[in-house]
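What follows draws every value from the coordinates through simple rules; no lab data is involved. What you see is a predicted model, and the numbers here were worked out from it, not measured in a lab. Glycine gets a Cβ as well: all are built from the backbone with ideal geometry, and neighbour counts include every protein chain shown.
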Amino acid sequence: MTSKTNSPLPVDVEAGQRYSWCSCGFSQTMPLCDHAHRQFSEKKSVKFIAEKTETIHLCGCAETSTPPYCDNSNQCQKG
Ligand code: FES
């Protein structure tokens, strides 16, 4: 079961911390990876380190060409 959505999702991040964005769309904690890809997909998460402490919006459909950020490839509704 997927929990993808066609809108960017907010995530509170801390400067210097590492995060894993879900690229498979099966995570129950979208837009972050919960390791569901190990069971349902060949895809792997995209790791990134937050530059600032802030709320950012990450792709929620897992189809972006600019991970982890939305590229509006699914005509997503901007949050
Ligand atoms: S659960 Fe989707 S990439 Fe890990």
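When each of 40, 26, 48 is scored by the number of other beta-carbon atoms lying within 10 Å, the sequence from fewest to most is 40, 48, 26.
Counting beta carbons within 10 Å around each of 47, 4 and listing the fewest first gives the order 47, 4.
Placing +1 on the Cβ of every Lys and Arg and -1 on the Cβ of every Asp and Glu, with nothing else charged, gives the chain a dipole about its Cα centre of roughly 180 debye.
Only helical DSSP H runs with n ≥ 4 go in: add -39500 (n - 2.57) per run for the chain, normalise by residue count and round the 222 nm mean residue ellipticity to 500 deg cm²/dmol. Mind dumping the intermediate values first?
Values: 1 runs with 4 residues, N = 79.
Calculated mean residue ellipticity at 222 nm is -500 deg cm²/dmol.
Using the Kirkwood radius over C-alpha pairs as Rh, can you work out the diffusion coefficient of the chain via Stokes-Einstein at 20 °C, viscosity 1.002 mPa s, in µm² per second?
Working: Rh = 12.3 Å.
D = 174 µm²/s.
By the beta-carbon count within 10 Å of each Cβ, the least crowded to most crowded order of 3, 23, fewest first, is 3, 23.
For the options 16, 25, 60, a Gaussian network treatment of the chain with springs between C-alpha atoms closer than 10 Å singles out 16 as fluctuating the most.
Got the relative contact order for the chain handy, in percent, Cα pairs under 8 Å and 6 or more residues apart? Working shown, then result.
Working: 180 pairs, mean separation 31.1, N = 79.
Here the relative contact order equals 39 percent.
Of the residues 67, 17, 50, the one whose Cα sits farthest towards the positive end of the charge dipole of the chain is 67 (charges of +1 on Lys and Arg Cβ, -1 on Asp and Glu Cβ, taken about the Cα centre).
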